[in-house]
Amino acid sequence: MTPDTDTAVTVHPAWLPDAATAPLRDLPSAVLGAGPCLETVRSELGRAVPVPEAALVVADVGAVATPSDVGLATLPDVPAGGHAIVRAPGRTVVLGADGPAALRGLYALARSVALARLGAPAPAAVTVSAPEQPLRMLDHWDNVAVHPVMGQVERGYAGGSIFYADGEVRADLGRVRAYARLLAATGVEAVGINNVNVHAREARLLTDGLGDVARIADVFRAYGIRCFLSVSFASPRLLGGLDTADPLDAGVVAWWASAADRVYAAVPDFGGFLVKADSEGQPGPFAYGRSHADGANMLADALRPHGGTVLWRAFVYDHRQDWRDRRTDRARAAYDHFAPLDGTFADNVVLQVKHGPMDFQVREPVSPVLAAMPRTRLALELQVTQEYTGQQRHVCYLAPAWGAVLGFRLDGSRTVGSLVAAGGGVTAVSNVGDDPFWTGHPLAQANLYAFGRLAWDSTLRPEDILDEWIALTFAAASPVALTRIRAVLHAMMDDSWLRYEGYTAPLGVGFMVTPGTHGGPSVDGYEYSPWGTYHFADRDGIGVDRSTATGTGYAGQYPSPWRETYESVETCPDELLLFFHHVPYSHVLASGKTVIQHVYDSRADAVESLDGVEAAWESLVDLVGSAVPAAFDARVRERLAVQRESAVEWRDQVRSYFWRKSGVPDASGRGIY
Ligand code: GCW
């Protein structure tokens, strides 16, 4: 299934190497249906034959009048947005609800063929699959022009942008095509192609850049993926020459309506606008005394005639707070701003809410906003790019963290996955750049893969998703090699998120990172800053009192039973203890250890557990080369060495900091400075 690319660019095939797709391409096949995705199916497959001779039939169910059209006796039900795969004697039939779904069904078949090599049980004669989340989107924080501080990809750890180079949209979109193909195979169906911090050059994508946006959208369309643009709320002033961006101003309303008309003239299936407003310095409705609903609904009106959607971000807080002020709590901000607006957003507005109340930390409680707005369409926002989770230098497989969020019963009964599936879906910040391995660390590809799969089905187990990724990525390995690679990658990756948590900020307190870059340890880096991210460590204790009784009241934003669970030091889960409470170092955790001894032990244990990781990868030396380029192996080794160095730094700084602060010796007697 080699796509007909127009590119000279060579990239790693990630989870779609030839070996993973050859078993299907080698079959005589028939494809029924029209449109760009069915054309992609045709380009993926080999020899075309009439249906009666075909061993593989792929069809858009809309193009199928009778079962015999696809060589079957009966047709299965095909769910909206999904596919059915029928394995009849001598023939496999993939039926998609539409063109994109047929294409995704083809990739699902490739996945199941690959999994069979890992010994997965044979699939049933008919398997049916439908997406759990309507919206399954990746956001790119890519700038067209290189930003003086943030570079080309804000929080990017994989090189430059795949979309933009030299201040323009790339002439060769071959890498974008290869990316679209990979995403389609995970189930992702939308992308935001520019940074939510919209600078001057990027704002113009909405106007004079539309021809280029259309070129990008053409590429994604062939893979069933819609494009969104991040827009500046100040566009009427920046681009339209108006003297206001007031959402209730008639001139502003008219400007946005005609801007939307022009976008849809260029990109008929355009997804809509993604907006970061009144957040970290981005313009918004507050400047005009208007609410977020006023702002979002005005944009929604402009998009409505075309079927477009506004994705409005809830990441709104005071980033100029006074660290001396203990009553202001950044964690409260999204709820305080948005919960009172429930029921006031237009029906084509989706409020995009970060998974935690702070900012993509390695451990946070689930955002209470997700339970507080039953009359608003909501999307969960995750971060695949590893801003606070190792920056694609550390191995940190995030599927367990995301699975825990999606499966969390936030109102005591419904999971987060089901709450957002009701009207929105799941979005995430992409970790991809123009790096030959896409993601900097080759093993970080698994996070990109896992995001799409969890958006499709949040009940998938992280270790099973990893199996899929391994079976596909290493499809060229011999069965013996594959078994060994699988064992080693599970050992390296299954617990890598917990390992990363183990040597970084403890017990949910968060941050402790180098200001600006957010990489590497700096325990007090943000302690006296205006960003609202404090741990409040002193000689006696640490943590943030967010209880209702004595703290900021954040715990009271949760529905029962969580408000009670988090309110009390006794019932608050250990892993979130310092997020919700300020406790003495002598506080005893459920594990029986004191907080301070836990801080000492976990940092040291987590670094010691890296020995296993490096040794395990090295044991694969003769095996991985059969399935991936030698450079893959070299890159993994290089990153493992960097991870160790960084993890040691984390361990030593955090342990030494708390020893110096508290004067409490480490009972284990391990090195401290
Ligand atoms: O995590 C923070 C990042 C910013 C980012 C912001 C956001 C795009 O440090 O770089 O800005 O979140 O989500 O808007």
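The values are calculated or read from the model by the stated rules, or taken from the named source; none is laboratory data. Since the structure is predicted, the reported quantities are computational estimates derived from the model, not experimental observations. Every residue, glycine among them, receives a Cβ derived from its backbone with ideal geometry; neighbour counts consider all protein chains shown.
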Quick one: which strands (runs of 3 or more DSSP E) sit completely within region 108-186 and have at least 1 residues that are farther than 18 Å from E387 by Cβ, touching a residue at least 24 places away in the same chain (Cβ under 8 Å) and aliphatic (A, V, I, L, M)? 126-129, 135-139, 142-147
In region 361-371, the residues that are farther than 14 Å from R313 by Cα and either within 14 Å of the ligand (Cβ to nearest atom) or hydroxyl-bearing (S, T, Y) (or both): Q361, V362, E364
Which ones in region 372-412 are within 16 Å of the ligand (Cβ to nearest atom), farther than 19 Å from R453 by Cα and touching a helix residue (DSSP H, G or I) at 6+ places or on another chain (Cβ under 7 Å)? T389, G390, Q392
State all residues of region 532-544 that are crowded, with 19+ Cβ neighbours inside 10 Å, of a type in the set (A, V, I, L, M, F, W, C) and assigned to a loop (DSSP other than H, G, I, E, B); if no residue qualifies, say none. A537, V544
Identify all residues within region 265-281 that are β-branched (V, I, T) and either touching a Cys at 6+ places or on another chain (Cβ under 7 Å) or at positive phi (or both); write none if there are none. V267
Mind checking which residues of region 283-302 are in contact with a Lys or Arg (Cβ under 9 Å, 6 or more places away or on another chain) and within 16 Å of the ligand (Cβ to nearest atom)? P283, G284
Are any residues in region 187-200 within 16 Å of the ligand (Cβ to nearest atom) and assigned to a loop (DSSP other than H, G, I, E, B), and if so, which ones? I193, N194, N195, V196, N197, V198, H199
Of all the residues that make up region 307-331, how many are more than 30 Å from V267 (Cβ to Cβ) and away from the ligand (no atom under 16 Å from the Cβ)? 8
With R461, R499, R453, R486 as the choices, which residue is among the basic types (K, R) and over 15 Å from L398 (Cβ atoms)? R486
Flag if V70 is over 30 Å from E463 (Cβ atoms), of a type in the set (A, V, I, L, M) and crowded, with 18+ Cβ neighbours inside 10 Å: yes
Looking only at region 214-225, and only at residues there that are touching a helix residue (DSSP H, G or I) at 6+ places or on another chain (Cβ under 7 Å) and outside any loop (DSSP other than H, G, I, E, B), the one that is surrounded by the fewest Cβ atoms within 10 Å (Cβ to Cβ): A214
Picking from A165, A125, A158, A116, which residue would you name as being modelled with pLDDT of 95 or more, out of contact with any Cys (no Cβ under 8 Å at 6 or more places or on another chain), surrounded by fewer than 19 Cβ atoms within 10 Å (Cβ to Cβ) and assigned by the TED database to the domain that holds T459? A165
Hey, could you check region 230-255 for residues that are of a type in the set (A, V, I, L, M) and buried (at least 24 other Cβ atoms within 10 Å of the Cβ) and say which is farthest from P100 (Cα to Cα)? A245
Taking region 367-401, which residues are within 20 Å of A334 (Cα to Cα) and either within 12 Å of the chain's Cα centre (by Cα) or among the small types (G, A, S) (or both)? S367, A371, A372, A379, L380, E381, L382, Q383
Sort out which residues of region 230-282 are within 16 Å of the ligand (Cβ to nearest atom) and either touching an Asp or Glu at 6+ places or on another chain (Cβ under 6 Å) or assigned to a helix (DSSP H, G or I) (or both), and write them in order of number. none
Being in contact with a strand residue (DSSP E or B) (Cβ under 7 Å, 6 or more places away or on another chain), in contact (Cβ under 8 Å) with a residue 40 or more places away in the chain and within 16 Å of the ligand (Cβ to nearest atom) is the filter here; which residues of region 333-349 pass it? F338
The conditions are (1) surrounded by fewer than 16 Cβ atoms within 10 Å (Cβ to Cβ); (2) under 26 Å from Q557 (Cα atoms); (3) without any contact (Cβ under 8 Å) to a residue 60 or more places away in the chain; (4) more than 29 Å from the chain's Cα centre (by Cα), and R327 fails exactly one of them. Which is it? (3)
Conditions: (1) within 14 Å of the ligand (Cβ to nearest atom); (2) farther than 30 Å from T459 by Cα; (3) within 21 Å of the chain's Cα centre (by Cα). G156 meets all but one. Number of the miss? (2)
